[in-house]
1. Being among the aromatic types (Phe, Trp, Tyr) and closer than 28 Å to A:Ile53 by Cα narrows it down to one of A:Tyr175, A:Tyr184, so name that one.
2. Out of A:Thr74, A:Thr60, I need the residue that is closer than 14 Å to A:Ala200 by Cβ, touching a residue at least 24 places away in the same chain (Cβ under 8 Å) and out of contact with any His (no Cβ under 7 Å at 6 or more places or on another chain). Which one?
3. Among the residues that make up the range B:68-80, is at least one of them loosely packed, with under 14 Cβ neighbours inside 10 Å, free of Cβ contacts under 8 Å to residues at least 12 places away in the same chain, assigned to a helix (DSSP H, G or I) and not polar (S, T, N, Q)?
4. Only one residue in B:Gly16, B:Gly40, B:Gly49 is free of Cβ contacts under 8 Å to residues at least 40 places away in the same chain, within 14 Å of another protein chain (Cβ to nearest Cβ) and of a type in the set (Gly, Ala, Ser), so which one is that?
5. So B:Ala60 fits all but one of (1) surrounded by 15 or more Cβ atoms within 10 Å (Cβ to Cβ); (2) without any contact (Cβ under 8 Å) to a residue 12 or more places away in the chain; (3) of a type in the set (Gly, Ala, Ser); (4) more than 23 Å from A:Leu151 (Cβ to Cβ); what number is the exception?
6. So, A:Ile160, is that one within 11 Å of another protein chain (Cβ to nearest Cβ), assigned to a helix (DSSP H, G or I) and surrounded by 21 or more Cβ atoms within 10 Å (Cβ to Cβ) or not?
7. Which ones in the range A:205-222 are part of a helix (DSSP H, G or I) and away from every other protein chain (no Cβ under 14 Å)?
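Where a number appears in this text, it was derived from the coordinates with a stated rule and is not lab data. Computed from a prediction, not measured in an experiment: that's the story for all the values here. Reconstructed Cβ throughout: ideal geometry from the backbone, glycine too, with neighbour counts over all protein chains shown.
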Amino acid sequence: MDFVTPQVVFTIWGMPITNTVTSTWIIMVIMIFLAWLLGRKKPIALEMIVDFITDLLGSTMGVEATPYVPFIGTFFLFIAGANVLGLIPGVENPTKDLNTTAALAITVFFSVYYFGIRSQGLVGYLKSLAKPIIILLPFELIGHFTRALSLTLRLFGNVISIELIVAIIFSLLPYFLPSVMALYGAATGLIQAYIFTILAATYIGAGVVTTEELVKRKLAAA
Amino acid sequence: MSPELIVTITTIIVTGLGIVLGTALPALAEGKAAQKALEGMARQPEAAGDLRTTLLISMALLETTAIYVLLIMLILIFANPLLDRFFPAL
């Protein structure tokens, strides 16, 4: 298990810093540098990425996706980048640490309320939570918690299973085959990044409504 | 047989059975989902994009159950809470 569990590298004022945290910093630096380089040399490549994410979010959420692209797109780029850059020796995949995935899922959990309230207003959002009848409100809230839990465990479980398989194969046959499995793990990680993005977009999209819908509601109330 | 040994053997047997059930059933369900989605795509190729997105989401949701089973089995094997609870001296 020492292969796959995060190891404490050093401590800052008694706070343990694991190697997944340092890898997160390395990946952040690499991705910021890549974004800067692409922005200078090939801006059209960045535009393609943004277009891809905008189309994806637009088809998933059913509303104008532009305000949500910076937030949800960052999840996609971070998870995809983490899974691909985790192939570099010495850089651990941060998403194999439960704390990283929990942090991502908690961010999604709170952003659902933030975007929902920003779109519909506080009263409108609370009304939409208790939509068919008020009795269903607790179940809706339980649903929100389990969504965050399943987002955490899905990403973590998928990544950790591949890491375990690589570790087991490494102990059986240390040549060539573990690298193939690690590559397969990176592909799985890309799919998981896609799924995490779609699910976050679905959860956030369930809380926001289109402008026409808002106008229709105002007219019905008046 | 000492009680620790009984707990360990039971854990191993349950883990094996659990991982079999917990992976076979979601795999069957995923196969069914993929089959239906492919049938839909063959019948209406213009709806293939929407179907693919929905298929990916539902596959992820179905696979979550298998991942839960895997995580519980990992806990049972590597950090067995029953052994820690009943035999703290170990």
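1. That would be A:Tyr184, the only listed residue that is among the aromatic types (Phe, Trp, Tyr) and closer than 28 Å to A:Ile53 by Cα.
2. Selected residue: A:Thr60, the only one of A:Thr74, A:Thr60 that is closer than 14 Å to A:Ala200 by Cβ, touching a residue at least 24 places away in the same chain (Cβ under 8 Å) and out of contact with any His (no Cβ under 7 Å at 6 or more places or on another chain).
3. So far as the range B:68-80 goes, yes, one or more of its residues are loosely packed, with under 14 Cβ neighbours inside 10 Å, free of Cβ contacts under 8 Å to residues at least 12 places away in the same chain, assigned to a helix (DSSP H, G or I) and not polar (S, T, N, Q).
4. On inspection, the qualifying residue turns out to be B:Gly49.
5. Looking at each condition in turn, B:Ala60 falls short on (4).
6. yes
7. From the range A:205-222, those part of a helix (DSSP H, G or I) are A:205-207, A:211-221; that's our starting set.
Correct list: A:Gly207, A:Thr211, A:Glu212, A:Glu213, A:Leu214, A:Val215, A:Lys216, A:Arg217, A:Lys218, A:Leu219, A:Ala220, A:Ala221.
Let's see how each residue does on (1) crowded, with 16+ Cβ neighbours inside 10 Å; (2) of a type in the set (A, V, I, L, M):
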residue: B:Met1; (1), (2): no, yes
residue: B:Glu4; (1), (2): no, no
residue: B:Thr11; (1), (2): yes, no
residue: B:Gly22; (1), (2): yes, no
residue: B:Leu25; (1), (2): no, yes
residue: B:Glu30; (1), (2): yes, no
residue: B:Lys36; (1), (2): no, no
residue: B:Ala42; (1), (2): no, yes
